[in-house]
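Q: Okay, handing you the structure first.
The values are calculated or read from the model by the stated rules, or taken from the named source; none is laboratory data. A quick note: this is a predicted structure, and the numbers were derived from the prediction, not measured. Cβ sites come from the backbone with ideal geometry, for glycine too, and all protein chains shown count toward neighbours. Each accessible area value is taken on the protein alone, full model and side chains, heavy atoms only, with ligands, DNA and RNA left out. Shrake-Rupley method; radii C 1.70, N 1.55, O 1.52, S 1.80 Å.
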4 protein chains.
Amino acid sequence: MIKVGVVGGTGYTGVELLRLLSRHPQVELVAITSRGEAGMAVSDMFPSLRGRVGLKFVTPQDAALDKCDAVFFATPNGIAMQQAAGLVAAGVRVIDLAADFRISDIAEWEKWYGMTHAAPDLVAEAVYGLPETSREQIRTARVLANPGCYPTSVQLGFLPLVEAGVVDLAHLIADAKSGVSGAGRKAEVPTLFSESADSFKAYGVSGHRHLPEIRQGLTRFAGQPVGLTFVPHLTPMIRGIHATLYARLTKDVDLQALYEQRFAGEPFVDVMPQGSHPETRSVRASNMCRIAVHRPQGGDTVVVLSVIDNLVKGAAGQAVQNLNIMFGIEESTALDIVPVSP
Amino acid sequence: MIKVGVVGGTGYTGVELLRLLSRHPQVELVAITSRGEAGMAVSDMFPSLRGRVGLKFVTPQDAALDKCDAVFFATPNGIAMQQAAGLVAAGVRVIDLAADFRISDIAEWEKWYGMTHAAPDLVAEAVYGLPETSREQIRTARVLANPGCYPTSVQLGFLPLVEAGVVDLAHLIADAKSGVSGAGRKAEVPTLFSESADSFKAYGVSGHRHLPEIRQGLTRFAGQPVGLTFVPHLTPMIRGIHATLYARLTKDVDLQALYEQRFAGEPFVDVMPQGSHPETRSVRASNMCRIAVHRPQGGDTVVVLSVIDNLVKGAAGQAVQNLNIMFGIEESTALDIVPVSP
Amino acid sequence: MIKVGVVGGTGYTGVELLRLLSRHPQVELVAITSRGEAGMAVSDMFPSLRGRVGLKFVTPQDAALDKCDAVFFATPNGIAMQQAAGLVAAGVRVIDLAADFRISDIAEWEKWYGMTHAAPDLVAEAVYGLPETSREQIRTARVLANPGCYPTSVQLGFLPLVEAGVVDLAHLIADAKSGVSGAGRKAEVPTLFSESADSFKAYGVSGHRHLPEIRQGLTRFAGQPVGLTFVPHLTPMIRGIHATLYARLTKDVDLQALYEQRFAGEPFVDVMPQGSHPETRSVRASNMCRIAVHRPQGGDTVVVLSVIDNLVKGAAGQAVQNLNIMFGIEESTALDIVPVSP
Amino acid sequence: MIKVGVVGGTGYTGVELLRLLSRHPQVELVAITSRGEAGMAVSDMFPSLRGRVGLKFVTPQDAALDKCDAVFFATPNGIAMQQAAGLVAAGVRVIDLAADFRISDIAEWEKWYGMTHAAPDLVAEAVYGLPETSREQIRTARVLANPGCYPTSVQLGFLPLVEAGVVDLAHLIADAKSGVSGAGRKAEVPTLFSESADSFKAYGVSGHRHLPEIRQGLTRFAGQPVGLTFVPHLTPMIRGIHATLYARLTKDVDLQALYEQRFAGEPFVDVMPQGSHPETRSVRASNMCRIAVHRPQGGDTVVVLSVIDNLVKGAAGQAVQNLNIMFGIEESTALDIVPVSP
C-alpha cells in the first residue's frame, strides 16, 4: 500500500482527490490537512464521503507527512513551494495540483503569480505531468507539477497539429469554456449561483495565468516559440471544460488519421469519429479527454474540439494517473469510472 | 457470469443500467434491445459509454433473451407485462423497472395506468423490490417489480414511523421534488431546458401514478390503511429526489434512535446525524438514500428529509441491487460508487 | 416628483429597486448609498443599469437623506432601526426591506435576530406592508415594514383559508422553495454556483427567521394563535418562491370561489383556474403572485400553491407598490412588467 | 393605432413578441394565429401573459390578416414566403422573424434551407432589418427580413472592423455561444433539460444556416468577399448569445475609439469601457447589444465580445424596433426595458 497524504483537503480538487483515492485499492489515505478545519471529520464537511473517508482533518504539523510515500498538494498557489523541499529530502514524492512547479521560467512565474518563488531549484527538476507527452519522465519524478485544467484540454487538443508542424504556429487561438468549479470553493461574489447561473461571459482576455503554461507546453511540442490567443469563458455548469481551438493549416494532411495515430493506445484520450461534437457531459466525473477535429468547408482553418472534466483529467484524476505512473501501478487504477450522463 | 439482457436501452434508466452493469464483474451483457435504433452502436447514442459498451442495439426478436439468466425491462409501462410470462417460462428472471408489476390490485393499476393488464397472475407472484423491507422474498423472485423513484424515497422516509405506529396514519403528507430526468428521455415540450430551467412547479396534485404505489407500501408497513397527500414537484436539476415528509406524532419517541435502529446494517440507507439537511448532490450518481429526521420546535409534527438519486436508488441502482440479491452476489457489487460532488 | 433615497444599493434587493425605480415616472432617485463602494458609478457594479442609473454610490453622510420624501433601506437587518427615527423626525417616510420593523413583539424579534432593538417605539407604529391586508394603514405609514419573501408567498396563500376559519389552525404546514437570490449577494460558500446548482436541500428546519413573521401574520388573520410548521428549501434557480401549503379542512367550502372572492380586484394576486399548477417563471421579474388551490381526491386536506418572484413581490416590487400607496399614486405605477418567460 | 397580426404565436419568438407588443402604446394586437391551437386562449398556453393578452389563437383563415397594418411571422422557415405576396398586395407590411427573406442569393438559400423558394421576387425587394446599418431602407420596407440571432451578435461585433477595413478579411473567426431557447420550442431530445443542462457542446461546425447570412452581411460591410469560420455552441442557459470574435489586425488603429464612434447615438448598442467583459445577463430580457473590444498583449489579434438576448435583439425586440422604424414611431417604443439581473 502506498501511504498518501493530502495537504489542503477542503477545496474542490481536494474533495475530488478523496473521491478517487478512497476507492484506490493500493492507496492508504493517512492524513488530510486543513489549518482551518482541523478536528472536523472530513465527511462532516463533505457528506458525499460519509462511509468512505473516516479521517478527520489535521493540522499540517500533526500530519506526519514525511512518513508518507506521496503527498498531494491541493492547496492555493504558493504553498507547495514552501513545503516540497523538506518532503523530498525525506524521500516523499510530491504531486502539486497548484501552479508552483508548472512554469520553468521563474521570472515568468513570478510575474503571473505575483510572488517570489521559494524553491527555484525544485522547479528545475520538477516534471510537468501530462502523461501523453511525458510518461517516462513522470515515472521517476520526485516533484510532479500537475497541469492546470485549461492547459490540459488545450495542449491535448493542439498536440498532434503542433508536433506535426502542419499549422501556422504564430497565430493559434484557444477559445475555452469552463464550468464554475474551476474557480474553486472560495467564497466570492462572482461565482455565486445568482451571479453565474443563466449567464455567460469571457474573463481574463487581457491575460490569464494559464496562458504562459499553455504557451510553454506548445513551445515544447513545436520546438520553437508559438503565438497564442487564449480567451477563457465561464459557463453555467458545475464541471467541464470545452476548448475550441483554431489554427491555420500550412500543409495538407489527413487530420483524422493524424489525431488517431498520435493518441493510439492512450487510455484517457478518445479521438471521436469524424464529424463529432463531444459534449462535456460525455466525460463528466471521469478522467477522459474526448477530441474531435474539423475542417469546416474544407478551408484552411482547422477547428479542434476538446473536452475534459476540469476536476478529473483537469486536476485530481490526472494527479492520480500520475501517481499510478510514478509508483509503477496500472495507469488507470481507481480511474475506471464510467462518465455520469445524464 | 450472469448473462443479462436489457430491453429498451435508449431511455435514462436504460443508459444508467448500462453505466452500472458495464462495471459489474459478474455480469455479461449479452443484448440491449431497441426497436427504433436496432443496428446502431450503443455508444454512438451514448458517447459516455464509448469504450465501455461494445454492443449494438438489436431488435427484441434478435436478442435471444430467453438464453439470458436475467432480463431488465427499462421500457415504458405496459411492455414487460407482455413479455414476462414467456421469459419466466424459459427460466429467465425478470426485473421490471417500469410499473407493470408494482400494484397488487389489478383494478387499481388499470385505473391509474389506463390499460388492461396482460399478466395478472404474474402480478400476484411478483415481488416488490424494496430490499430494506423485502430482502428475503427478493432472493427467490422470478418477477421483480423495481420500485418507482418517488415511492423509494417516500417509503424509506416514512418506514420507521409507520412500522412503529407512532404517527397519525390518516394524514401523512409527502411533498416531493424531483429532478427533470425523472420524466424520462421523451421529446416533450414541458421538459425542454427552456421550459424547466430556472423555474419550479408542482404537478399532478390531483393525482399521480406513484400515489397508489406509495399508499400500498405504507399500508403494508402499517398493517392498516393509510391516508396520504402526495404532491410531486419539478425542480431544475438533472438528477435527484428530495422528499419532505410530514406526520403528526401520536406517541413520544426518540426519533433519531428509531431511524438509526431501523436502518442499522443497511448498505444503502444513511441516517444522518440529528439536525442534518441532506442535499441531493450528496447521493448523486450513487445508490445511497440519506435521511434526516426533525421535530421542529419540539412540537407534534415530525419532518423527515429523504434524498436519493432518482436514476440510481430510484431506478437502475436499486435494480442492480435486486439482481445481486436474486443471484446471491454481494449486495453492493457494482454499486460501490462514491457520490459525485460537486 | 417624489425624491427617493436608497440606503444600501449593492445587494439584490437594492439593484432590483433600482431596476424598478429607474422607470418610475414620478420618482426622482437622488441618492444611493454604500459605505464600501462610495465613489463608484452604480452602473459599473451593475452593468444592466448602464444608461439607466447615472448616480454614483455615496456614503450615508453625503447622501442628504433627510431631504428625501422617502428612503428605502435595502440593508442587512439592524441598520434601518438605527437611522429611521432621525429620518422620520425630518419628515421622511421610511420603507425598510429588511426585518427591523416586521415583528411587533420586541422580545421575539430580539430572540430570532440576536440583537437588541434600537427603536422599539417605531416598531409599535410601523405598518406591516402587505397591501392585500393593510392598504388603508399603509397610506399614512411613516415607517413601513416591507414583508419578507417567504412570508409574502405563505401569507397570501393561506389568507383566505385562515380569515374564513375553515381549516385546523393548529397544524398548518408551509413547504416553501426559494431561488438562491433569496440568500442575498453575500460571498458565502453554500450559495456558490458549484454548491447550489444541480442540487436541492431543505435548511433551517429547526427554525427560520421567517417563521415568527409568518406566524404573526396568520395569527392576525385568524384572530387567534396558529400552529405552523415551516420548512424552507433551496432550489437551483435564481429567482422565485414556490410555497406549497397544507391545511386540514374543518368546514366544507367552495375553495375556488373563496379564493377568487378574497382577491377580487387585487392588481397583483392572480387566482388561477381550478386544477392549475403555477410555475415560478410565470411571475419572473414581475410583481404578481399566482395562486392555485387544490383538494386532492376530494379529501380533507387542502393544498395551496403560491408563487412569487422573491425579489419583486417578495421584496423590491412590493416596496414600490407600498411607495405608490403611501404617496397616493396609482398602485401599479412602474410595476406594469410582463413576466419574462421563457 | 397600428393594427398588428402575429402568425405563429406558439414558439419562443412568438411569445416574446407578445410580451413586447402587449405593452406597446401604439399597437393594437388583432390576431394571433396557430393552426394547432386555434380556440385556445393565448394566456392558457402562456400563463405569463394572463391579464396582458386577452386573445385566443385563431386559424390563419379566421385571422383577417389582410386588414392589418403589419403582420409578424414568428413561424418556421418556409411559411412567410408562401403568404407574404398576398399580404403585400393588400397593403400589409410584413416582418418575417424566420429566414425566408434574409439571403439574397436564392440558390444559396435553397441549398442551406433545403426548399424551393416560393417568392424570389420578394427576396429581391426585402430589406434586411439590421437598423444599425440599414435604418433608411427599413423605413419604407414592405417586406422586412428580421436578422437571425447569431447574425445580429456577430455582425454588430465585426461591423466597425470590417467597415473600416483594418483586419484580414479572409480569416475571420466567430466562436458563438447560445442559450437553449435559440433552438425554439420544439419537442426534441437534444434540447431536453436533462440533455442540455450542466453540459456544453459545439454543433454544426461543418456548416450552420447562419453562416451564409453572416457572410452576406460582412461582405456587404466590406464591399468584398470575406472568409469566415463560424462555430456555434450550446450553453446551459435559457437566453443569451455571447459571440467571441477573432480577427487579425492589418492596420494599427484605436479600437476603442473606432467602436465608440461607429455606434455613437445607437439606442441599442452599448460599447463598454476598455477592458470590459460583458455578461449575457447584463442584457437579459432587453433589446441591448453590449460590445467590448480587446487586443490581448498588444498583439495583432483583436478579440471582440458581443452579447445580446437572442429572443429580444436577436429576434422579437429587433422586430419591434423595425416596426417602430417602419411606422415612424420613436424607435425605442415598448423597448425601454431594464435588463433583468440577477
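Q: Using only protein heavy atoms and a 1.4 angstrom probe, determine the accessible area buried between C and B, summed over both sides, in Å² to the nearest 100. Write out the running numbers ahead of the final one.
A: Values: alone 14240 and 14240 Å², together 24690 Å².
Summing both chains' loss of accessible area gives about 3800 Å².
Q: Which net charge results when you count Lys and Arg as +1 and Asp and Glu as -1 among the other residues whose beta-carbon is under 13 Å from that of residue C:299? If you can, show how the numbers build up before the last one.
A: Details: positive: B:215, C:248, C:295; negative: C:252, C:300.
Taking every other residue near residue C:299 into account, the sum is +1.
Q: Right, here's the next one. When the helices in the protein assembly as shown are scored as -39500 (n - 2.57) per DSSP H run of 4 or longer and the sum is shared across all residues, what 222 nm value do you end up with, to the nearest 500 deg cm²/dmol?
A: On the way: 44 runs with 392 residues, N = 1368.
Estimated from H runs of four or more residues: -8000 deg cm²/dmol.
Q: Before anything else, pin down the relative contact order of chain A: Cα pairs under 8 Å, at least 6 apart, normalised by residue count, whole percent.
A: For chain A, the relative contact order is 17 percent.
Q: So how exposed is residue B:111, as accessible area in Å² (1.4 Å probe, rounded to 10)?
A: 140
Q: How far is it, in nm, from the label point at residue B:121 to the one at residue D:140 when both lie 7 Å from their Cα along the line to the Cβ?
A: Reported label-point gap for residue B:121 and residue D:140 is 8.5 nm.
Q: Give the calculated FRET efficiency between residue D:274 and residue A:187 to the nearest 0.05, with a Förster radius of 25 Å applied to their Cβ-Cβ distance. Could you put the intermediate results ahead of the total?
A: Working: r = 30 Å, r/R0 = 1.18.
Result of the calculation: an efficiency of 0.25.
Q: Modelling each spin label as a point 7 Å along the Cα-to-Cβ direction, I'd like the residue A:104/residue C:38 distance in nm, to one decimal.
A: Roughly 5.3 nm, to one decimal.
Q: Pairing the Cα long axis of helix A:317-326 with the longest principal axis of chain A, what angle in degrees results, from 0 to 90 and rounded to the nearest 10?
A: It is inclined by approximately 80 degrees.
Q: Quick one: with label points 7 Å out along Cα→Cβ, list the inter-copy distances for residue A:203 in nm, shortest first?
A: Those separations, rounded to one decimal, come out as 2.1, 2.7, 3.4 nm.
Q: While we're on this one: Solvent-accessible area per residue for the protein assembly as shown at a 1.4 Å probe radius, Å²? Spell out each step's value before the answer.
A: Values: 41570 Å² over 1368 residues.
For the protein assembly as shown, the per-residue accessible area is 30 Å².
Q: Over the C-alpha atoms of the protein assembly as shown, what are the Rg and the largest Cα-to-Cα span, Dmax, in Å?
A: Both quantities, over Cα of the protein assembly as shown: 31.3, 90 Å.
Q: Could you check what % of the DSSP bridge pairs in the range D:35-185 are antiparallel, to the nearest 5?
A: Given both bridge residues lie in the range D:35-185, the antiparallel proportion sits at roughly 10 percent.
Q: Using only Cα atoms and rounding to the nearest 10 degrees, what angle (0 to 90) does helix B:12-21 make with the longest principal axis of chain B?
A: 80
Q: Can you pull the mean other chain C-beta count within 10 Å for peptide B:226-235?
A: Per residue, the average neighbour count from other chains is 5.
Q: Could you work out the mean count of beta carbons from other protein chains within 10 Å of each residue's beta carbon in B:200-210?
A: The shielding value for this peptide is 6.
Q: For residue B:184, place a label point 7 Å out from Cα along the Cα→Cβ vector, do the same in each other copy, and report the separations in nm, one decimal, smallest first.
A: Ordered by distance, the counterparts are at 2.5, 4.6, 4.6 nm.
Q: Using θ = phi - 60° and the Karplus form 6.51 cos²θ - 1.76 cosθ + 1.60, what ³J(HN,Hα) does each residue of the range D:84-92 get, whole Hz, x for Gly and Pro?
A: 5, 4, x, 5, 4, 4, 7, x, 8
Q: Follow-up question, since we're still on this one. Beyond a 26 Å Cα-Cα separation, which of these cross-linked pairs lie in this structure: A:177/D:313; A:186/C:201; B:201/C:201; B:201/D:186; B:56/B:111; C:3/C:56? Present the calculation step by step, with values, prior to reporting the outcome.
A: On the way: A:177/D:313 24 Å; A:186/C:201 21 Å; B:201/C:201 16 Å; B:201/D:186 21 Å; B:56/B:111 37 Å; C:3/C:56 16 Å.
From A:177/D:313; A:186/C:201; B:201/C:201; B:201/D:186; B:56/B:111; C:3/C:56, over 26 Å: B:56/B:111.
Q: Rank B:206, C:181 by accessible area, highest first, at a 1.4 Å probe radius?
A: Descending accessible area places them as B:206, C:181.
Q: Suppose R0 equals 30 Å. What FRET efficiency, 1/(1 + (r/R0)^6) with r the Cβ-Cβ distance, do residue B:85 and residue B:336 give to the nearest 0.05? Spell out each step's value before the answer.
A: Numbers: r = 35 Å, r/R0 = 1.16.
Efficiency for this residue pair is about 0.30.
Q: Report the net charge of residues surrounding residue C:5, where surrounding means a beta-carbon distance below 15 angstrom and charges are Lys +1, Arg +1, Asp -1, Glu -1.
A: Summing Lys/Arg as +1 and Asp/Glu as -1 gives 0.
Q: While we're here: Measuring from label point to label point, each 7 Å out along Cα→Cβ, what is the residue A:249 to residue B:132 span in nm?
A: 5.8
Q: Taking the label point as lying 7 angstrom from Cα along the Cα-to-Cβ axis, what are the distances from residue A:40 to the corresponding position in the remaining copies, in ascending order and in nanometres?
A: Distances to the matching label points in the other copies: 2.8, 4.6, 5.0 nm.
Q: Let me ask you something else. What order do you get for A:35-42, B:214-221 when each peptide is scored by the mean count of other beta carbon atoms within 10 Å, highest first?
A: Per-residue Cβ counts within 10 Å, averaged per peptide and sorted highest first, yield B:214-221, A:35-42.
Q: Just checking the output field for A:170-181: average partner chain Cβ neighbours within 10 Å of each residue's Cβ?
A: Details: counts 2, 7, 1, 7, 0, 9, 1, 9, 1, 8, 6, 6.
Mean number of neighbouring Cβ atoms from other chains: 5.
Q: Continuing with the same structure: Taking the Cα atoms only, what angle lies between the long axis of helix A:210-222 and the longest principal axis of chain A, rounded to 10 degrees?
A: The two axes meet at around 60 degrees.
Q: Considering only protein heavy atoms and a 1.4 Å probe, what is the carbon-and-sulfur percentage of the accessible area of chain A?
A: Carbon and sulfur: 49 percent of the exposed surface of chain A.
Q: How much accessible area does residue B:311 have with a 1.4 Å probe, in Å² rounded to the nearest 10?
A: Counting only protein heavy atoms, residue B:311 exposes about 10 Å² to solvent.
Q: For chain D, divide the Cα radius of gyration by the Kirkwood radius and give the resulting Rg/Rh value with two decimals. Spell out each step's value before the answer.
A: On the way: Rg = 19.4 Å, Rh = 20.3 Å.
Result: Rg/Rh = 0.96.
Q: Suppose accessible area is computed on protein heavy atoms with a 1.4 Å probe; arrange C:295, A:262 from highest to lowest. Mind showing how you got there, number by number?
A: Numbers: C:295 85, A:262 60 Å².
Per-residue accessible area, sorted high to low, gives C:295, A:262.
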